[in-house]
4 protein chains.
Amino acid sequence: MSFKTTEAIEAMKVEVCNLHAELLRWGLVTWTSGNVSGRVPGTDFIVIKPSGVSYDDLKPELMVVTDLEGKVLDGDLKPSSDAESHNHVYQLMPEVGGVVHTHSPYATAWAARAESIPCVLTAMADEFGGEIPLGPFALIGSDAIGKAIVETLQGHRSPAVIMQNHGVFTIGKGPKAAVKAAVMTEDVARTVHISRQLGEPVPIAQQNIDALYDRYQNVYGQ
Amino acid sequence: MSFKTTEAIEAMKVEVCNLHAELLRWGLVTWTSGNVSGRVPGTDFIVIKPSGVSYDDLKPELMVVTDLEGKVLDGDLKPSSDAESHNHVYQLMPEVGGVVHTHSPYATAWAARAESIPCVLTAMADEFGGEIPLGPFALIGSDAIGKAIVETLQGHRSPAVIMQNHGVFTIGKGPKAAVKAAVMTEDVARTVHISRQLGEPVPIAQQNIDALYDRYQNVYGQ
Amino acid sequence: MSFKTTEAIEAMKVEVCNLHAELLRWGLVTWTSGNVSGRVPGTDFIVIKPSGVSYDDLKPELMVVTDLEGKVLDGDLKPSSDAESHNHVYQLMPEVGGVVHTHSPYATAWAARAESIPCVLTAMADEFGGEIPLGPFALIGSDAIGKAIVETLQGHRSPAVIMQNHGVFTIGKGPKAAVKAAVMTEDVARTVHISRQLGEPVPIAQQNIDALYDRYQNVYGQ
Amino acid sequence: MSFKTTEAIEAMKVEVCNLHAELLRWGLVTWTSGNVSGRVPGTDFIVIKPSGVSYDDLKPELMVVTDLEGKVLDGDLKPSSDAESHNHVYQLMPEVGGVVHTHSPYATAWAARAESIPCVLTAMADEFGGEIPLGPFALIGSDAIGKAIVETLQGHRSPAVIMQNHGVFTIGKGPKAAVKAAVMTEDVARTVHISRQLGEPVPIAQQNIDALYDRYQNVYGQ
């Protein structure tokens, strides 16, 4: 392995490790229930949280490095029990550099009713370009979840999917973008939920969703 | 530019920068989704948050200074993508010295249903002098939002407006007053929402709203 | 004034000042919206928060000392605009040594519907000995609120009352007990609200309420 | 008492004391309303929180050591008023090394309606292996609560029970596992509640619950 790759792996361990603090900060995770992974740029090495380790105890050197098939290349601990799902996404979507999984409460509440989250907020149009789609029930322990994530994301602009009875998976160019998508998923899942508690939110016309999405992807930020 | 103006601009950068911490503290914003601006007293210089910069990374020297048309006079970053809306308010309301925009969840939930927030709390009568009015759906990227804010605020005592499917804009004599209005908007939006979940809140008679508003504006505080 | 009284006043300033942090910590207050007062033991001096001062800026030396009629005896600032209500309670209830006022969201939501909070939790039976009663709508700026608080508390074991469209007032032997009552009021207001969102909570038989209240008042704690 | 036992008691005091911070951190307790206990491994000594002491003031040396009948063996304070219930669980379930009691709001809301929490989340299948069962109303001050906890847990995989009108009791191999169960109980109680606010969550087939539970108990973690 080249020196440059080794450096990139170490940098990704730091980034993936630290991003877990954002899951806590924005209220997306409880105890050890969510995880972040990142693909080391220019490689097929995946850096992911170890299984069942509390967020307080995470350190970059505890992160697990695997190949796309989940074989551990570096690290003394077992990878997250969701690693198979992350890896399947990385295999099928080469443009993805980060994956996040949470059971964030409002988004998971939609998922438990098997309902996608309708696009009734300009912030949803900006970030998700439409609804946040629903994926099917799938059991952990095979490639079923990963396949369902990829199939559900196809045909949507959304970088997030909610999996029935389960929780949220998000993707991004890198792990930070995937974390942002997870944070915004819970934010809009909550606001739309609260809105619907007292009536029906007003839909946004498709042409306005398109205009907002286009602008946000191209004009927003630095 | 006089030395005094330069000093006033620098002071406003510090104030505007620091007030973003209040948005976080009171739960009004997620990731980078809200912004504060202030008019430098005695000038038409506007100080506003840069676009897409995380709250942790804000420093006074990153604040952007523009004129009322949004031309950047000072700062290396692009201003908030909501700057056009802020500026339009400053143009049309010379008495306004601060503007705040958030997607705070309870207030935005009312906005997604296109409902104004009824005045059923003495704290609302105090601060808002009546309902918090609803503005129309308007697309970002022109003066449409700014115009709608100003038109909606006319004929109401409220320093806050909720914009359909979008979120909250508040005004104040300075940025701190606008932040206070944003914080109180979410507070009353939440309490009235919770109240209506289990029945209909009791209205407050107009004469009592008037008495409370008058007293609060004239007697409260130091 | 004796040296001992002066010392007791200074101690009460520290206690009252610091207890405001508990209102923040338990989510009872927003911006400057709640206040604590205490009667200096063995005197009719009342120590109360100054009006409109942010919790971050509170210091013991900013607390205001008044007599039972609200005349400021010590302090450079105006007392809380709720001082009249606090004082009226102290006048009519000599056993009360602390009063707290908040607009805590769940309790105020019950108050906005003009509903008392039914006793359906053993923790409510423990602390409140029954329902948390509802007081009438009353305007600030006279003794109307104070009188209504006292009248409503009579005939109830509860140290808390919710005032229609307004918020919560609690009493205690001292300010810390009144703060505890305010904290527990919001806690049970929230749990009973959540419970009722999906059906009707099961009532607790009066004899069991009595048994729980008696035990808690006499056995609990050190 | 052997030196080794003394050491084990002191270690358990530190562990039990510190775990109370987790109850606060995850929002399970208000003021002094929850408690943790642990059985010193290899003994029948129970370490438990003292009654009515605020979480800020807890120190390992304030923890109370009792035998299984609740006789205080070490400590200057009275044990938690829930000690009788904890002890009864330890007496009847020798495999239990930790017990936690809270009034966490969402779980207690289910308990106030006398409804068990249905298993509609994969995270519930993982942790609880099915529903979180409901125990009957029982008065504090005898072995009634402890007996009801044990009876209700029998015939369920769940390490948590919600007691009607009261709150949550959880068990574990040690106090940390019991705290985890209490944290996850509130997490799933909240998500299932939110889900049911807008419709009926989709049930998970029993065979899938079995598969998830089996995997989580045997594969998850390090």
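Placing a label point 7 Å from Cα along the Cα-to-Cβ direction at B:Ser54 gives distances to the equivalent points in the other copies of 2.4, 2.4, 3.4 nm, listed shortest first. Among C:Gly42, C:Gly70, C:Gly174, the residue with the largest mean-square fluctuation in a Gaussian network model of chain C, with springs joining Cα atoms closer than 10 Å, is C:Gly42.
Copy-to-copy label distances for D:Lys71, where each label lies 7 Å from Cα along Cα-to-Cβ, are 6.3, 6.3, 9.0 nm in order of increasing length.
For D:Ile132, the amide hydrogen comes within under 5 Å of the amide hydrogens of D:Ile117, counting only partners 5 or more places away or on other chains and with H modelled in the peptide plane. Remark: the Cα gyration tensor places the range B:166-221 in the oblate category, a/c being 1.5 or greater and a/b not exceeding b/c. Computed from phi, the 3J(HN,Hα) profile of the range D:36-52 under the Karplus parametrisation 6.51, -1.76, 1.60 (θ = phi - 60°) reads 10, 9, x, 8, 5, x, x, 9, 10, 8, 10, 9, 9, 4, x, 6, x Hz, with x in place of Gly and Pro.
If you rank D:His86, D:His193 by fewest surrounding Cβ atoms within 10 Å, what's the result? If you can, show how the numbers build up before the last one.
Working: D:His86 33, D:His193 21.
The most exposed by this proxy come first: D:His193, D:His86.
State which entries of C:Lys180/D:Lys173; C:Lys13/C:Lys176; B:Lys49/B:Lys180; B:Lys173/C:Lys71; D:Lys71/D:Lys147 exceed 23 angstrom in Cα-Cα distance in the structure shown. Going by Cα-Cα distance, C:Lys180/D:Lys173; B:Lys173/C:Lys71 fall outside the 23 Å limit. Look at the stretch B:200-212: the mean tally of other chain Cβ atoms within 10 Å of its residues' Cβ atoms is 3.
Loop-located GluC sites (Glu not before Pro) across the range C:1-77 with a Cβ neighbour count of 16 or fewer within 10 Å are C:Glu69, with loop assigned by DSSP.
Given their separation in residues at 0.36 nm each and the Cα-Cα distance between them, A:Lys59 and A:Val14 gain 15.4 nm when the chain is fully extended. Separation of the range B:21-58 and the range B:165-193, taken as the distance between their Cα centroids, equals 14 angstrom. Extending 7 Å from the Cα toward the beta-carbon at both B:Leu73 and C:Gln91 defines two label points whose distance is 5.5 nm.
Projecting the Cα positions of B:Leu24, D:Phe169, B:Gly135 onto the charge dipole of the protein assembly as shown (unit charges on Cβ atoms of Lys, Arg, Asp and Glu, taken about the Cα centre) puts B:Gly135 furthest along the positive direction. Sites listed here are chymotrypsin sites (Phe, Trp or Tyr not before Pro) in the range B:87-153 whose DSSP assignment is loop and whose Cβ has at most 15 other Cβ atoms within 10 Å, and the list is empty. Taking the Cα centre of the protein assembly as shown as origin and assigning +1 to Lys and Arg Cβ atoms and -1 to Asp and Glu Cβ atoms, the resulting dipole is close to 320 debye.
If you take the square roots of the eigenvalues of the alpha-carbon gyration tensor of the protein assembly as shown and sort them as a ≥ b ≥ c, do you get rounded (a/c under 1.5), prolate (a/b over b/c) or oblate? Here the protein assembly as shown falls in the oblate category.
Residue of chain B with the smallest Cβ distance to the axis mapping B onto C, distance rounded to whole Å: B:Gln197, 4. For A:Phe137, the residues whose modelled amide H falls within less than 5 Å of its own, excluding neighbours fewer than 5 places apart on the same chain, are A:Gln164.
Direction-averaged shadow area of the convex hull around the Cα atoms of chain D, nm²?
Numbers: hull surface 48.8 nm².
For the Cα atoms of chain D, the hull's average projected area reads 12.2 nm².
Sorted from nearest, the other copies put their D:Thr6 label points 5.1, 5.1, 7.2 nm away, the label point being 7 Å from Cα in the direction of Cβ. For C:Gly98, the residues 5 or more places off, or on other chains, whose built amide H falls under 5 Å of its own are C:Arg39, C:Gly172, C:Gly174.
Take the Cα of C:Ala144, go 7 Å toward its beta carbon, and the backbone nitrogen atoms of the range C:155-187 under 18 Å from that spot belong to C:162-169.
Mean Kyte-Doolittle of at least -1.0 and a Cα length of 15 Å or more along the axis: which whole DSSP H helices of chain C meet both?
Values: long enough: C:3-25 (34 Å, 0.11); C:175-197 (33 Å, -0.09); C:206-218 (18 Å, -1.65).
Sorted by number, the helices that extend far enough and score high enough are C:3-25, C:175-197.
Please arrange B:Leu153, D:Leu73 by counting, for each residue, the other beta carbons lying within 10 Å of its beta carbon, fewest first.
Numbers: B:Leu153 22, D:Leu73 12.
Ascending number of Cβ neighbours within 10 Å: D:Leu73, B:Leu153.
Determine the shape class of the range B:65-108: with a ≥ b ≥ c the square roots of the Cα gyration tensor eigenvalues, call it rounded for a/c under 1.5, and otherwise prolate if a/b is greater than b/c, oblate otherwise. Judged from the Cα gyration tensor, the range B:65-108 comes out oblate (a/c at least 1.5, b/c at or above a/b).
Rounded to the nearest whole Hz, the Karplus-based 3J(HN,Hα) values (6.51 cos²θ - 1.76 cosθ + 1.60, θ = phi - 60°) of the range A:165-174 follow the sequence 6, 10, x, 10, 10, 10, 10, x, 4, x, with x at glycine and proline. For every other residue with a beta carbon closer than 14 angstrom to the beta carbon of B:Asp126, add +1 if it is Lys or Arg and -1 if Asp or Glu, then tell me the sum. So the environment of B:Asp126 carries a net charge of -3. Given the C-alpha centroids of the range D:87-145 and the range A:133-158, what is the distance between them in whole angstrom? If we compute the Cα centre of each part, the gap is 34 Å. Only helices enter this figure: runs of n ≥ 4 DSSP H residues, each worth -39500 (n - 2.57), summed and divided by the residues of chain B, yield -13500 deg cm²/dmol at 222 nm to the nearest 500.
Positive contributions from Lys and Arg (+1) and negative ones from Asp and Glu (-1), summed over other residues with Cβ under 13 Å from the Cβ of B:Gly167, come out at -4.
Where Lys and Arg each count +1 and Asp and Glu each count -1, what net charge lies around A:Ile117 among other residues with Cβ under 13 Å from its Cβ? It works out to a net charge of -2. Residues C:Cys119, A:Cys17 in ascending order of nearby Cβ atoms (within 10 Å, fewest first): A:Cys17, C:Cys119.
Counting, for every residue in C:118-125, the Cβ atoms of other protein chains within 10 Å of its Cβ and taking the mean gives 5.
Just so you know, all these numbers are worked out from the coordinates, no wet-lab data involved. On a predicted model such as this, the values are computed, not experimentally measured, just so you know. Positions of Cβ are backbone-derived with ideal geometry, glycine not excepted, and every protein chain shown enters the neighbour counts.
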